[in-house]
Amino acid sequence: MGWNSWNSFANIVNSEIVQQQARALASNGMKEAGYEYVVIDEGWWLGERDAAGNIVVETKQWPAIKPGEKEGDMANIAAYIHSLGLKAGIYTDAGRDGCSMYPDSGPKYTNTGSEGHYEEDFLQFSKWGFDYVKVDWCGGAKEKRSGAVQYAQVVHAIQRAEKITGRKLFLSICEWGSQNPWFWAPGVGGVESTIWRTGGDIIPPLVESLHDPEHAKRVITAKNLLDSFEAGMHPEAQHTDYYNDLDMMVMGMRGMTDAMDRIHMGLWAISSAPLMVGSDLTRLSPATLLLLNNKEALAIHNDAYGLQPIKVAEPTRGVEIWAKPMAIPGRRAVVILNRTDTPTQASLDLDKLGLAGTPKSVRDVWNRRDLATANAAVSAPAHDLALLVVDAEDKKPAEYPANDSGIAGIEATRGPTFARLQYTNNSGQVAIVRVKSTSGLSTALALPPTAGSDTGAAGLILPHGTADLSFEAQQVVVRKLAVYAW
Ligand code: GLA
């Protein structure tokens, strides 16, 4: 969760802008709500290196901030961000050239990528004090590279940098879904936590101060948001610490209405997608801020299992019900997405939510009130979204004990299916568990190490079909898999 400079400032980003945005984040309630990263995207570096290969930046764009600092030193802005109790993020490309060779505005710059310099560059970012790095794919795509190979090398360089500086550098993979990263990004190169973009940009940047006629034409539509959401649904790949990234948020930007803000926040929250807000934080309306900081929506987003929702019903065309299993037994977050021109009333069918019994509670998140549980019917206005939390009981699961190398013949034949996995992993490293399904879908789960005899738990969504789960790492024991009839 945090802020990213691209959507609203594109390549005019500079120290002054980043300081202003960081101050806004620290003072408008977002920091307290959990937004912590301030990420500087493309445009901070124009591709220049000194004779030793070190990155050289514009001194005017990145001056000294405090007495005693050197101009042109990116450590200044990282320290400023840290001084507000926030974390700092930076950006590069996995290829030789970066996206600056296809500029959105202004001149083009080559060589803004890190290929050939992975070890030095990631170490440099870490030494400057950055905690997060977004690695884009313009150069990788141009050179027709394999994402799985390049990003594994990036992870290797990051791990080396982390060892040297002792500072965690979180990797954000930005390959736009072009090589199906949901199959290889979880655990790539041994990475313990990561996010990977699943599609292109919701919209190219909208920089008000540029007065560029191209930018002036750009208006966000609900379709832009819904397309990104749909392209990003790969629930089989996502679980705690590994997340499909639906793109930076455009809350409150040109074209966004309050209803679109609710659609955006509701879908990103129920998907546990990264919430990297790309708006100008100094200009957010109170209504937009209230939504971004909505504690109950953020609790859905931050659920320990971190799963994506499954579309469980479409009672009338254009009215979609999506449900996300949460770590608390019997709990589902539910979205009623009304894409039609008519207001709707949708009744909650517990069976469709994978639940049994009668609802214990139905919570309307936007209005912060409990709804009557008998015959719970929920209204969603036209082109709007209702967000709910429903508590009842999980149906009785089918339990699969594991043998030494996996579990065979897991039935998920009624559609994508929720399962809880209990495991121990004493290898000290992330362990990769492969899930292969007769539907042709296969994916990998990356299970973080557990300490001593502690049991780890992960929620997962099995692909449709009969699946086999196999684990390769020694010292990894899957104890049990509970599969819930949906
Ligand atoms: C790509 C990414 C965006 C942004 C721009 C910068 O388009 O998808 O998020 O980083 O590059 O040019």
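Annotation note: of G177, G190, the sole residue that is within 13 Å of the ligand (Cβ to nearest atom), surrounded by fewer than 23 Cβ atoms within 10 Å (Cβ to Cβ) and not charged (D, E, K, R) is G177. Residues in the stretch 388-427 that are at positive phi and touching a Ser or Thr at 6+ places or on another chain (Cβ under 7 Å): G406, G409. The residues of the stretch 93-109 that are in contact (Cβ under 8 Å) with a residue 60 or more places away in the chain, more than 21 Å from S172 (Cα to Cα) and more than 10 Å from the ligand (Cβ to nearest atom), listed by number, are S105, G106, Y109.
Residues that are within 16 Å of the ligand (Cβ to nearest atom), out of contact with any helix residue (DSSP H, G or I) (no Cβ under 8 Å at 6 or more places or on another chain) and of a type in the set (A, V, I, L, M, F, W, C) within the stretch 193-216 comprise just one, I195.
In the set (1) within 12 Å of the chain's Cα centre (by Cα); (2) over 27 Å from G187 (Cα atoms), the condition left unmet by Y243 is number (2). Of all the numbered requirements in (1) more than 30 Å from A287 (Cα to Cα); (2) part of a loop (DSSP other than H, G, I, E, B); (3) modelled with pLDDT of 90 or more; (4) among the aliphatic types (A, V, I, L, M), A374 misses one, and that requirement is (3).
Those helices (runs of 4 or more DSSP H) of the stretch 117-185 in which 2 or more residues are closer than 23 Å to M101 by Cβ occupy 118-128, 138-142, 147-165.
Among residues of the stretch 193-214 being over 20 Å from H264 (Cβ atoms) and of a type in the set (D, E, K, R), the one that is surrounded by the most Cβ atoms within 10 Å (Cβ to Cβ) is D212.
Scanning the stretch 379-421 for residues that are assigned to a strand (DSSP E or B) and over 20 Å from K324 (Cβ atoms) yields a count of 11.
Only one of the listed residues (G89, G95, G106) is surrounded by 22 or more Cβ atoms within 10 Å (Cβ to Cβ), more than 18 Å from W3 (Cβ to Cβ) and either under 24 Å from the mean Cα position of the chain (by Cα) or at pLDDT below 95 (or both). That residue is G95. Across the stretch 120-171, what is the total count of residues that are of a type in the set (K, R) and free of Cβ contacts under 8 Å to residues at least 12 places away in the same chain? So the answer is 2.
Taken residue by residue, the stretch 71-85 has no member that is closer than 21 Å to W196 by Cβ, of a type in the set (S, T, Y) and more than 16 Å from the ligand (Cβ to nearest atom).
Quick one: in the stretch 455-470, of everything that is in contact with a Gly (Cβ under 6 Å, 6 or more places away or on another chain) and buried (at least 18 other Cβ atoms within 10 Å of the Cβ), which residue is farthest from G428 (Cα to Cα)? So the residue we want is H464. When T466, T443, T373, T455 are checked against the criterion of being β-branched (V, I, T) and either touching a helix residue (DSSP H, G or I) at 6+ places or on another chain (Cβ under 9 Å) or without any contact (Cβ under 8 Å) to a residue 12 or more places away in the chain (or both), a single residue qualifies: T443. Residues that are more than 16 Å from the ligand (Cβ to nearest atom) number at least 3 in the following helices (runs of 4 or more DSSP H) confined to the stretch 1-41: 15-27, 30-33.
For the stretch 42-63, taking the residues that are in a loop (DSSP other than H, G, I, E, B) and hydrophobic (A, V, I, L, M, F, W, C), the one that is nearest to the chain's Cα centre (by Cα) is identified as W44. Take the conditions (1) under 23 Å from K108 (Cβ atoms); (2) part of a loop (DSSP other than H, G, I, E, B); (3) touching a helix residue (DSSP H, G or I) at 6+ places or on another chain (Cβ under 9 Å); K70 misses just one of them, which is (1). Within the stretch 281-294, is even one residue surrounded by 22 or more Cβ atoms within 10 Å (Cβ to Cβ), away from the ligand (no atom under 16 Å from the Cβ), within 21 Å of the chain's Cα centre (by Cα) and in contact (Cβ under 8 Å) with a residue 40 or more places away in the chain? Yes, there is a match, as at least one residue in the stretch 281-294 is surrounded by 22 or more Cβ atoms within 10 Å (Cβ to Cβ), away from the ligand (no atom under 16 Å from the Cβ), within 21 Å of the chain's Cα centre (by Cα) and in contact (Cβ under 8 Å) with a residue 40 or more places away in the chain. Within the stretch 57-79, residues that are farther than 17 Å from V13 by Cα sit with their Cβ atoms under 9 Å from residues that are among the hydroxyl-bearing types (S, T, Y) and surrounded by 17 or more Cβ atoms within 10 Å (Cβ to Cβ), at 6+ positions apart or across chains, in these pairs: K66/Y80.
Across the stretch 215-233, the number of residues qualifying as assigned to a loop (DSSP other than H, G, I, E, B) and crowded, with 23+ Cβ neighbours inside 10 Å comes to 1. W176 passes all but one of (1) over 12 Å from the mean Cα position of the chain (by Cα); (2) on the phi < 0 side of the Ramachandran plot; (3) among the hydrophobic types (A, V, I, L, M, F, W, C); which number fails? Unmet condition: (2). Going by what's in this entry, would M265 be described as in a loop (DSSP other than H, G, I, E, B), out of contact with any Asp or Glu (no Cβ under 9 Å at 6 or more places or on another chain) and at negative phi? No. Yes or no: R262 under 19 Å from A33 (Cβ atoms), within 22 Å of the chain's Cα centre (by Cα) and among the basic types (K, R)? The answer is yes for R262. Residues considered: P309, P315. Of these, the only one that is farther than 27 Å from Q20 by Cα and in contact (Cβ under 8 Å) with a residue 40 or more places away in the chain is P309.
Q150 meets all of the listed conditions (1) away from the ligand (no atom under 16 Å from the Cβ); (2) within 22 Å of the chain's Cα centre (by Cα); (3) surrounded by 16 or more Cβ atoms within 10 Å (Cβ to Cβ) but one, namely (1).
The values are calculated or read from the model by the stated rules, or taken from the named source; none is laboratory data. None of the values given here were measured: they were computed from a predicted structure. All Cβ positions, even for glycine, are placed from backbone atoms using ideal geometry, and neighbour counts span all protein chains on display.
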